[in-house]
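See below for the structure under consideration.
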There are 2 protein chains.
Amino acid sequence: MSSASPPMTLVIPPTRSVVRPTTWIEAPRLERRLGLRVVLASETFQHTGSFKFRAAYNVASQVPERHIITASSGNFGQALAHACSRLHKSCAVVMPHTSAAVKVAAVREYGGIVDLVDVTRKSRAERVAELAAERPDAYVASAYDDPLVIAGNATLGEEVAARAGAFEVVVAPVGGGGLTAGLVTGIAASGQGSRLHVVGAEPLLGNDAARSLRAGAIVRNEREPATIADGARTVSLGHHNWQVLSRGLREIVEVPEEAIREAVRLLFGLANLKVEPTGALAVAALLAAPERFAGQSVCCVLSGGNVDPAVYREILAEA
Amino acid sequence: MSSASPPMTLVIPPTRSVVRPTTWIEAPRLERRLGLRVVLASETFQHTGSFKFRAAYNVASQVPERHIITASSGNFGQALAHACSRLHKSCAVVMPHTSAAVKVAAVREYGGIVDLVDVTRKSRAERVAELAAERPDAYVASAYDDPLVIAGNATLGEEVAARAGAFEVVVAPVGGGGLTAGLVTGIAASGQGSRLHVVGAEPLLGNDAARSLRAGAIVRNEREPATIADGARTVSLGHHNWQVLSRGLREIVEVPEEAIREAVRLLFGLANLKVEPTGALAVAALLAAPERFAGQSVCCVLSGGNVDPAVYREILAEA
């Protein structure tokens, strides 16, 4: 599956120059509704529609292997497929058979090979191991537990840090912890770590990261949590991320499902933004814990926009 | 209703410095679907969610009157309300009683006085005349037939012209013609008129502008057309706009309703953009007349994003 004639002198541009800058959006009606000064950093227009491209491109461009295997419920898969395609590499993406149809279609459209696995019978990790055994020349990429993932996501931390002064808190979704670890790392590297704090937003239904922070060690969910925020259906934080987050993450807000849905609706109605449920977690955290943010200026990271139309319609209908 | 103590030394900033720059969005999956090189200029994140703020702010800041009356099916009303509020002026917005609920609510939230009129019994123009008689100190603003409207919208033409070379055609919705007249004017003022052509996209159900271009004189619809593109439910082009468009508009693509709906869905699914039906007209024109644009690079202006959730859900459901 590797490209027939890869360019021999391919110069890999640094990830920083390939990613799209985040889209900064002011939304005064949303601010009024939340009663806070809020600015939105939207990754919904990033390549492949989510921040995951930052990490995926960094991984795919830095490892020497020309075939990459990963497990992803969707956004990392799309991002890796697109990154590999740009780099004339190939990739296989193991996805649960219950994945959103639009995410499966998108991985294929970006040139990735989709490998659907019935997760009630075989874990994604087992299937990845099988594929890796078939392709010893491949790199097995983690969507959220790899220093290259943190470094890729740190490009967003640098962009956010460049606006330090406009806000004092950055709120971002926590699933495996790659995004928040990248933010903490990028902000620290920019010398803004003391004036700009990162707060995580995690679904209450899968609050392993919040429990980990309280326990001082990684705590795992017993099973994949059934939150509507499918990008946060991770069982635990990645170990590399934990190294960063245990020291650098100020706190995590645990967000009820209803707040996630309401945040999706508010972003639609008051900011003209189409955001997937995981992407609405930061705004949902402001709804869930208004007292925590009272009087502060907040940057909300909207991590992605790829949502199945049927799911989106159902959320809008609840208004 | 004029502000109790307007600042006496208010310096009016030029409209150019107050509007938000348009949001440029690349969408490779949409390009692949359309088979064309396409870049999107999205006004959905403009102040009040549509390009109308450009015109409204220019009008409100340039006229000396401190109270403004207008008739608007929504976006111009929101834009004028917000512009007046920023300028410490007041405004009344006459709206048909069938207006989308979110648009009525938004005008009120931005500080405008909404005057709902049953258009089956009294025209909006009659109601505006009544209000103007009550307030002889007021300025009566047209949403689309005023040189100040063209000049305001010309700021978008300047932004588009600054990217001339990246595309050769700009496609934008036509209702009263204020947007396309502004684009033609701004592009010409930037010295790019010979290499960058403006093409209109108009609902086939209300194709008065296309018929006007063919006839060489303004042709009127017999009644407000029942298109889903509510921003294009105008009866005829504005006279000031006609002066510009009769010479400067290359052509108009007449767009069937189904193409408008499909364009809304494609922008949702392939570009993560929430766009109102009128805002999808330019992309719909590419669907409706692919042969017209074959081999060209096109800039599509997405004019606004304010759409009732129920209407939006219904459109998504048809996929």
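When the alpha carbon coordinates of the stretch B:145-189 are projected onto the principal axes, the ranges are 31, 18, 12 Å, largest first. Checking Cβ-Cβ separations below 4.7 Å across chain A identifies A:Cys299, A:Cys300 as cysteines lacking any candidate disulfide partner. Between B:Glu251 and B:Ala101, the distance separating the two model label sites (each 7 Å from Cα on the Cα→Cβ line) works out to 4.3 nm. Here chain A is treated with +1 on each Lys and Arg Cβ and -1 on each Asp and Glu Cβ, and its dipole about the Cα centre works out to around 480 debye. Measuring nothing but how far apart in sequence close Cα pairs (under 8 Å, 6+ apart) lie, relative to its length, chain A scores a relative contact order of 20 percent. Show me the helices of chain B, taken as full DSSP H stretches, that run 18 Å or more along their long axis by Cα and average -1.0 or above in Kyte-Doolittle hydropathy. Within chain B the helices that satisfy the rule are B:147-161, B:257-271. For a modelled paramagnetic label at B:Glu26, 7 Å from Cα along Cα-to-Cβ, the residues of the stretch B:254-281 in reach, with backbone nitrogen under 19 Å, are B:267, B:270-273. For the stretch B:75-182, taking the reciprocal of the average inverse distance between every pair of different Cα atoms yields a Kirkwood hydrodynamic radius of 15.6 Å.
The relative contact order of the stretch A:1-159, computed from alpha carbon pairs under 8 Å that lie at least 6 residues apart in sequence, is 25 percent.
Over chain B, with a single point scatterer placed on each C-alpha, what log10 of the ratio I(q)/I(0) does the Debye formula yield at q = 0.08, 0.12 1/Å? For chain B, the Cα-only Debye profile gives -0.32, -0.75. Taking the charge dipole of chain B about its Cα centre, with +1 at Lys and Arg Cβ atoms and -1 at Asp and Glu Cβ atoms, the residue from B:Cys91, B:Ser142, B:Ala181 reaching farthest to the positive side is B:Ala181. Between identical copies, the spacing of B:Ser17 label points, each set 7 Å from Cα toward the C-beta atom, reads 3.5 nm from nearest to farthest.
GluC sites (Glu not before Pro) within the stretch A:251-319: which are DSSP loop residues with at most 15 other Cβ atoms inside 10 Å? Of the GluC sites (Glu not before Pro), the ones in loops of the stretch A:251-319 whose Cβ has at most 15 other Cβ atoms within 10 Å are A:Glu318.
Between identical copies, the spacing of B:Glu291 label points, each set 7 Å from Cα toward the C-beta atom, reads 6.8 nm from nearest to farthest. Inter-copy label distances at A:Pro147, shortest first and taken from points set 7 Å along Cα to Cβ: 6.7 nm.
Remark: the stretch A:39-89 carries 19 Å² of accessible area per residue (probe radius 1.4 Å; ligands, DNA and RNA excluded). Assuming charge only on the beta carbon of Lys and Arg (+1) and of Asp and Glu (-1), the dipole of the stretch A:94-140 about its Cα centre is about 180 debye to the nearest 20. Shape class of the protein assembly as shown from the Cα gyration tensor (axes a ≥ b ≥ c, square roots of the eigenvalues): prolate, since a/c reaches 1.5 or more and a/b is larger than b/c. Note: relative contact order over the stretch A:261-314, using C-alpha pairs below 8 Å and six or more positions apart, is 38 percent. Here the dipole of the stretch B:19-97 is about 160 debye; that uses its Cα centre as origin and unit charges on the Cβ of Lys and Arg (positive) and Asp and Glu (negative). Only lysine pairs 8 or more places apart, or on different chains, with alpha-carbon atoms under 25 angstrom apart are counted in chain B, and they number 6. Classify the stretch B:161-319 as rounded, prolate or oblate, taking a ≥ b ≥ c as the square roots of the eigenvalues of its Cα gyration tensor: rounded when a/c is under 1.5, otherwise prolate if a/b is larger than b/c and oblate if not. Because a/c hits 1.5 or more and a/b fails to exceed b/c, the stretch B:161-319 counts as oblate. The accessible surface of the protein assembly as shown, taken with every protein chain in place and a 1.4 Å probe, is 52 percent carbon and sulfur. Highest mobility in the GNM of chain A, judged by mean-square fluctuation with C-alpha springs under 10 Å and restricted to A:Gly216, A:Gly177, A:Gly200, is found for A:Gly216.
The values are calculated or read from the model by the stated rules, or taken from the named source; none is laboratory data. Here the structure is a predicted model, which is why all the values come from computation and not from measurement. Every residue, glycine among them, receives a Cβ derived from its backbone with ideal geometry; neighbour counts consider all protein chains shown. Keep in mind that these areas ignore ligands, DNA and RNA; they rest on the heavy atoms of the full protein, side chains included. Shrake-Rupley method; radii C 1.70, N 1.55, O 1.52, S 1.80 Å.
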